[in-house]
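**Q** The structure is given below, and queries will be raised subsequently.
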Amino acid sequence: MPQEQLNIKERQRDKVRIPQKYSVTIHNDDFTPMDFVVYVLTDIFFLSEAKANELMLQVHHSDKAVVGVYTYDVALSKAKKATDIAREEGFPLRLTVEPIEM
């Protein structure tokens with residue numbers, strides 16, 4: 001019985017790419033209560049109560065604040081979860097996901 005010869009080429013990657021990072025920004029509106037914003041920041045973004053209050057006040061005074069930097073999938077899922085919870089409660093809270101320039 002003849003032996004079969006297989007031509008298999010192995011591909012090696014020498015370069016490891018660091019994943020692109022994305023920032024999640026929360027925007028101010030006149031309808032979402034401050035305590036709800038703090039709840040979202042502590043429950044979804046896992047910020048401390050003090051940091052959540054600090055960011056909530058920053059959003060209130062300067063119209064927006066970056067609440068976290070994540071990979072694309074994580075940033076998108078956190079922003080969507082926060083938006084979905086806000087809509088369930090009837091609030092127009094808006095979060096955006098933007099790439100960070102390196």
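The values are calculated or read from the model by the stated rules, or taken from the named source; none is laboratory data. The model shown is predicted, which means the values in this text are computed figures rather than measured ones. Reconstructed Cβ throughout: ideal geometry from the backbone, glycine too, with neighbour counts over all protein chains shown. Heads up: the accessible areas ignore ligands, DNA and RNA and are worked out on the full protein's heavy atoms, side chains in. Shrake-Rupley method; radii C 1.70, N 1.55, O 1.52, S 1.80 Å.
**Q** With unit charges on the beta carbons (Lys and Arg positive, Asp and Glu negative) and the dipole taken about the Cα centre of the chain, which residue among GLY90, ASN7, ASN28 sits farthest to the positive side?
**A** The residue sitting farthest along the positive end of the dipole is ASN7.
**Q** Can you pull the Rg over Rh of the chain, Cα-only, Kirkwood?
**A** 1.36
**Q** In debye, nearest 20, what is the charge dipole magnitude of the chain about its Cα centre with +1 on Lys and Arg Cβ and -1 on Asp and Glu Cβ, if you could check? Intermediate results must be reported in sequence, preceding the final value.
**A** Details: 13 positive and 16 negative charges, 122 e Å.
For the chain, the charge dipole is close to 580 debye.
**Q** Now, a different point. Could you compute the longest span of the chain free of trypsin sites (Lys or Arg not before Pro) located in DSSP loops and having at most 10 other Cβ atoms within 10 Å, not counting the site residues?
**A** 18-102
**Q** Hey, what's the Kirkwood Rh for the stretch 13-58 if you take every pair of different alpha carbons, in angstrom?
**A** 12.5
**Q** Now for a separate question. When only DSSP loop residues count, what GluC sites (Glu not before Pro) in the stretch 37-102 have their Cβ near at most 11 other Cβ atoms within 10 Å?
**A** When the GluC sites (Glu not before Pro) of the stretch 37-102 are filtered for loop state and at most 11 Cβ neighbours within 10 Å, GLU101 remain.
**Q** Heavy-atom accessible area per residue, the stretch 36-102, 1.4 Å probe: how many Å²? Each step should come with its number before you reach the end.
**A** Details: 4080 Å² over 67 residues.
On a per-residue basis, 61 Å².
**Q** Mind checking the full-extension length gain between ASP14 and SER48? Use 0.36 nm per residue of separation minus the Cα-Cα distance, one decimal, nm.
**A** Between ASP14 and SER48, full extension yields 8.3 nm more.
**Q** Still on this model: If the cut-off is a Cα-Cα distance under 28 Å, which lysines reach LYS78, setting aside same-chain residues fewer than 8 apart in sequence?
**A** LYS21, LYS51, LYS64
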